[in-house]
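Reading through the structure tokens given below for one structure.
The values are calculated or read from the model by the stated rules, or taken from the named source; none is laboratory data. This is a predicted model, so every value here is computed, not measured. When we count neighbours, we look across all protein chains shown, and the Cβ atoms used for this are built from the backbone with ideal geometry, even at glycine. For the accessible areas, the whole protein counts, side chains as well, though only heavy atoms, and no ligand, DNA or RNA atoms are used. Shrake-Rupley method; radii C 1.70, N 1.55, O 1.52, S 1.80 Å.
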Amino acid sequence: MSARTHSRPHPATTGGVDIRLPWWALALPALAFIALLVLILNPSDAHAASGDPAITHLVERAQQLLAR
């Protein structure tokens with residue numbers, strides 16, 4: 001006995017895929033990125049970090065440029 005194959009009533013569309021993300025799927029990574037950027041730009045908040053003077057100078061210079 002052979003089994004029947006069921007065909008779809010409508011063929012699958014090959015057009016654009018319509019995927020919608022919830023608002024938090026974009027907001028949470030952006031918020032995490034901003035929080036890490038603030039920690040990098042304000043080295044006084046990072047108490048455990050003992051940085052190289054060149055890196056500290058570079059971060060201070062970046063902070064001065066962004067403050068303008």
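Observations, loosely collected:
- Ordered by solvent-accessible area of protein heavy atoms (1.4 Å probe), largest first, the residues Ile40, Ile19 come out as Ile19, Ile40.
- Peptides ranked, highest mean first, by Cβ atoms within 10 Å: ranges 53-66, 20-33: 53-66, 20-33
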